[in-house]
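**Student:** The structure that follows is given in the form of structure tokens.
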Amino acid sequence: MTTKSRYATAAVVGSLYTALVVWLVGAEARSYRDGIRRDRERGNVATPALALAASPSRSALPPTVPPGDEVAPITPEPITPPGPPEPEPEPATVIPKLEVPAANVEAAPSTSAPRAARSPGAVWADTLDLNRLTPQEEARLGAELHGLVLAGNLADPNGDIQRLKRAGDPLIAKAARKEVEYKFTVLDSDEVNAFSLPGGYIYVSRGLFQLVGETVEPEQDYALQFALGHEIAHVDLKHALNLVAAGQAAGKAQGVDTLNQLMVPIGLGYPDAQEFAADTWAYQRMTTQLEHTRRETLMFLIKLQGFSERNGFRNGRVIPESKSGLTLVENHYRAHPAAWDRLDRLKARGVRPAGGGSPPR
Ligand SMILES: [Zn+2]
């Protein structure tokens, strides 16, 4: 598939999911966040999930995708198809059609009527040409998106930011775009997850620390470093900006603003080419510039592969769905290509012709 058609495909997929994103991170996020706080004050161990199924209004809402579009309304059950997906799934082929409640696509997506409740930041973001952002514009865009994330997900005030900086800074130093100022946030979630947003916002869930090891010598924090490197790469390579720029007009025509379009790849993952490029970015820098061994560099994906096998997403590309109990952003790792596939590609890349033999485990 060509790059252009990948982006076109991604734009179509994105237009479906932006409506979902509006639903998840938009109007109801604040009340969910407040609910999470209340649960925590009561001592419940609450995953900061949006708990979609718990919303009494949802089941009554009709599907919203306009008739005649290629999108047919479906019931929730088909969202996760049974059985393993294709070995190298493309987003457009593995993502089934979604039911999106009407309330989430703000009034009359087919018209250009102004909408009343939009924030100044959302209005401002819609004026941007994502292909030509100044560093200042990207920084503000990131800040606006950060606000969206924190509207639906709690930050962990006790998160170990210093550990993230120790592991991440050596790779940030190797990034091409020096104008980006990276900022780390630990999210109060036991889900194993990390993601990033334009402007250098890197998010790590508390659960990721459990995967990579709660206590690791700083000089041996390879697994965490690779996870961060992958997310830094998405920012350094402008993956979200390029992806959304390609479909920005179509998304806006459907009534989905730029901020919410930029959240789509968090819930759905990026196209394969971008995901593998992000892996390669981290792999190359860790094995050459930081002089880690291949095994050290691949440690994260080895751990993630095991975790995915134990937790029902060994083949990756899981669709965000209400019954998972995860927020949209918590689905990010599950929406990636399969860990075994990512691992295989890096192992193949790492084979040096002069060395003969297969890559070390
Ligand atoms: Zn990724």
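The values are calculated or read from the model by the stated rules, or taken from the named source; none is laboratory data. Quick caveat, the model's predicted, so the values are computed rather than measured. So basically every Cβ, Gly included, is an ideal-geometry build from the backbone, and we count neighbours across all protein chains shown. The protein model used for the area step is the full one, side chains on, heavy atoms only, and it has no ligands, DNA or RNA in it. Shrake-Rupley method; radii C 1.70, N 1.55, O 1.52, S 1.80 Å.
**Student:** I need a count of the residues in the range 117-137 that are surrounded by 10 or more Cβ atoms within 10 Å (Cβ to Cβ), of a type in the set (D, E, K, R) and part of a loop (DSSP other than H, G, I, E, B).
**Tutor:** Number of matching residues: 1.
**Student:** Applying the selection to the range 305-339, what residues are aromatic (Phe, Trp, Tyr) and out of contact with any strand residue (DSSP E or B) (no Cβ under 9 Å at 6 or more places or on another chain)?
**Tutor:** Scanning the range 305-339 gives Phe307, Phe313.
**Student:** In addition: Which one of these does Ser196 not meet: (1) within 16 Å of the ligand (Cβ to nearest atom); (2) in a helix (DSSP H, G or I); (3) buried (at least 21 other Cβ atoms within 10 Å of the Cβ)?
**Tutor:** (2)
**Student:** Could you list, in sequence order, all residues of the range 275-301 that are within 19 Å of Ala246 (Cα to Cα) and either open to solvent by 10 Å² or more (accessible area, probe 1.4 Å) or not in a helix (DSSP H, G or I) (or both)?
**Tutor:** Ala277
**Student:** State all residues of the range 147-167 that are crowded, with 19+ Cβ neighbours inside 10 Å, in contact with a strand residue (DSSP E or B) (Cβ under 6 Å, 6 or more places away or on another chain) and assigned to a helix (DSSP H, G or I); if no residue qualifies, say none.
**Tutor:** If the condition is that a residue be crowded, with 19+ Cβ neighbours inside 10 Å, in contact with a strand residue (DSSP E or B) (Cβ under 6 Å, 6 or more places away or on another chain) and assigned to a helix (DSSP H, G or I), then Leu164 is the only one that fits.
**Student:** Of the residues that sit in the range 168-191 and are assigned to a helix (DSSP H, G or I) and open to solvent by less than 20 Å² (accessible area, probe 1.4 Å), which one is farthest from Glu330 (Cα to Cα)?
**Tutor:** Checked the range 168-191; the qualifying residue farthest from Glu330 (Cα to Cα) is Leu171.
**Student:** Out of His230, His239, His234, which single residue is within 22 Å of Trp281 (Cβ to Cβ) and free of Cβ contacts under 8 Å to residues at least 40 places away in the same chain?
**Tutor:** From the options His230, His239, His234, the qualifying one is His239.
**Student:** If you don't mind, another one. Could you list, in sequence order, all residues of the range 249-261 that are of a type outside the set (Gly, Ala, Ser) and open to solvent by 20 Å² or more (accessible area, probe 1.4 Å)?
**Tutor:** Across the range 249-261, the qualifying residues are Lys252, Gln254.
**Student:** Taking the range 199-247, which residues are part of a loop (DSSP other than H, G, I, E, B), open to solvent by 10 Å² or more (accessible area, probe 1.4 Å) and within 16 Å of the ligand (Cβ to nearest atom)?
**Tutor:** Hits for the range 199-247 are Leu237, Lys238.
**Student:** When the range 270-299 is examined, which residues are found to be within 12 Å of the ligand (Cβ to nearest atom) and under 19 Å from Leu224 (Cα atoms)?
**Tutor:** If the condition is that a residue be within 12 Å of the ligand (Cβ to nearest atom) and under 19 Å from Leu224 (Cα atoms), then Glu275, Phe276, Ala277, Ala278, Asp279, Thr280, Trp281, Ala282 are the ones that fit.
**Student:** Between a residue in the range 152-173 that is more than 22 Å from Gly325 (Cα to Cα) and any residue that is of a type in the set (Lys, Arg), which pairs come within a Cβ distance under 8 Å, given they are 6 or more apart or on different chains?
**Tutor:** Gly159/Arg206; Leu171/Arg285
**Student:** If only one of Gly306, Gly255, Gly312 is without any contact (Cβ under 8 Å) to a residue 40 or more places away in the chain, more than 21 Å from Thr185 (Cα to Cα) and in a loop (DSSP other than H, G, I, E, B), which one is it?
**Tutor:** Gly312
**Student:** Which one is farthest from the ligand (Cβ to nearest atom), of the residues in the range 325-354 that are over 16 Å from Leu208 (Cα atoms), free of Cβ contacts under 8 Å to residues at least 40 places away in the same chain and among the small types (Gly, Ala, Ser)?
**Tutor:** The selected residue is Ala354.
**Student:** Tell me which residues, restricted to the range 164-180, are in contact with a helix residue (DSSP H, G or I) (Cβ under 7 Å, 6 or more places away or on another chain) and either within 16 Å of the ligand (Cβ to nearest atom) or not hydrophobic (A, V, I, L, M, F, W, C) (or both).
**Tutor:** Arg166, Gly168, Leu171, Lys174, Ala175, Arg177, Glu179
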